[in-house]
Amino acid sequence: MNIFITGASSGIGNAIAHEYAKRYANTQSIIGLVARRSEHLQQLATNLQNQYNISCAIYPLDVRDATALEVAAQDFIARFGAPNIVIASAGVSRGTLTELKEDITAFQAIFDINVMGMMHTFQPFITAMKLSAAKGDTAQLVGVASVAGIRGIPGSGAYSASKAAVISYCESLRTEMQHFNIAVSTIAPGYIRTPMTELNQYKMPFLMDADVFAHKFANAVEAKVRFKIIPWQMGLIARLMRLIPPRLWDYLMKNAPHKKRIDWDWL
């Protein structure tokens, strides 16, 4: 089982890498690891190899760079064959306000990483995965969305919109790939304990540790779910969120706390 994971250096992506290394420990499996920070990737690969006796291939790159991802995909396929699972988990979040001109850059970066970065991740693998799926091999694309993509959250216009786009994009992709026996799964986390959520200055219901999430994530991927919200309690809340009329939603969100506006180094 060969797996390719973006956003692997921290947070959810890091936890997912550890979960798959644990599941396929002491096997011939290969895990491709993608993130911008080379030193973090190298340390992760060393840890996984030492702890689980599994081989890793690292690709330090920015998912906004379609050419770099194409080169990485070609290298992975040439060395190990088409991956069985490609997981696009690279994502960023930051509070944004449309009224502030200085937030235009943040809006652009969030969309480029969360949406276009996912497309850049999947696109160069699809041809090879079609061929492997035709031979009966497992072929699956997995997009990490968010509960924040269900309804628009005040102060999170860029993040909510990008994750809503991810949900719709993966649904479109799923209907396209069914002709080729390539499964497409969308996993939408609720609040997961990561460096990103540590900055939130408001109550986060059903906050889940990243390793617990990663275990449930891998189970959902193995079951080839089409769409799943983790944890299940947030799934119930999301169903209710969809049913709330716009007027009532506006009232409920009028004084809701906003995500903190932080200057990240990915801008």
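Every number here is computed from the coordinates shown, using simple stated rules; none is lab data. Everything quoted here is computed from the prediction, not taken from an experiment. Using ideal geometry, Cβ is built from the backbone for each residue, glycine included, and neighbour counts are taken over all protein chains shown.
For the range 51-135, which GluC sites (Glu not before Pro) are in a loop by DSSP, counting at most 15 other Cβ atoms within 10 Å? Intermediate values should be presented prior to the final figure.
Details: sites: GLU70, GLU99, GLU102; in loops: GLU99.
The qualifying sites are GLU99.
If you rank VAL34, VAL166 by fewest surrounding Cβ atoms within 10 Å, what's the result? Could the numbers behind the result be given before it?
Values: VAL34 30, VAL166 24.
Fewest to most other Cβ atoms nearby, the residues stand as VAL166, VAL34.
Give me the percent relative contact order of the chain, please, defined on Cα pairs under 8 angstrom at least 6 residues apart. Intermediate values should be presented prior to the final figure.
Values: 494 pairs, mean separation 50.5, N = 267.
Computed over the chain, the figure is 19 percent.
When the chain is fully extended, how far beyond the present Cα-Cα distance does PHE206 get from THR175, taking 0.36 nm per residue of separation?
Details: separation 31, 0.36 × 31 = 11.16 nm, distance 3.15 nm.
Contour length minus Cα-Cα distance gives 8.0 nm.
Hey, can you grab everything whose amide H is under 5 Å from the amide H of ILE58? Only 5+ residues off in sequence or another chain; H modelled, so Pro and N-termini drop out.
LEU33
In degrees between 0 and 90, to the nearest 10, how far off the longest principal axis of the chain does helix 232-243 point, with axes built from Cα atoms?
Orientation of helix 232-243: about 50 degrees from the principal axis.
What is the calculated FRET efficiency for ARG151 to LYS101, with r their C-beta to C-beta distance and R₀ = 30 Å, to the nearest 0.05?
Working: r = 26 Å, r/R0 = 0.87.
Once rounded, the FRET efficiency stands at 0.70.
Can you work out ³J(HN,Hα) from phi for every residue in the range 29-41, in order, using Karplus 6.51 cos²θ - 1.76 cosθ + 1.60 and θ = phi - 60°, giving whole Hz and x for Gly and Pro?
My calculation for the range 29-41 gives 5, 10, 10, x, 10, 10, 6, 6, 8, 4, 5, 5, 5 Hz in order.
Which of these, LEU100, LEU44, LEU141, has the largest mean-square fluctuation under a Gaussian network model of the chain (Cα springs below 10 Å)?
Of LEU100, LEU44, LEU141, the Gaussian network model singles out LEU100 as fluctuating most.
Could you pull out every one of the lysines with an alpha carbon less than 22 Å from that of LYS216, ignoring same-chain neighbours closer than 8 positions?
List returned: LYS22, LYS163, LYS224, LYS228.
Could you give the length gained on full extension between GLN108 and ASP65, defined as 0.36 nm per residue of separation minus the Cα-Cα distance, in nm? Walk me through the numbers before you get to the answer.
Values: separation 43, 0.36 × 43 = 15.48 nm, distance 1.40 nm.
This chain segment gains 14.1 nm when fully extended.
Stretched out fully, how many nm does the piece from ARG247 to SER10 gain, at 0.36 nm a residue minus the Cα gap?
This chain segment gains 81.5 nm when fully extended.
What is the set of long-range amide H partners of SER185 at a cut-off below 5 Å, with H atoms built 1.01 Å from backbone N?
Those lying under 5 Å, H to H, from SER185 are LEU141, VAL142, GLY143.
In square nanometres, what is one fourth of the surface area of the convex hull spanned by the alpha carbons of the range 3-253? Working shown, then result.
Details: hull surface 54.6 nm².
Approximately 13.6 nm², given one-decimal rounding.
Just report the Cα centroid separation between the range 1-57 and the range 221-239, whole Å.
Their Cα centres are 24 Å away from one another.
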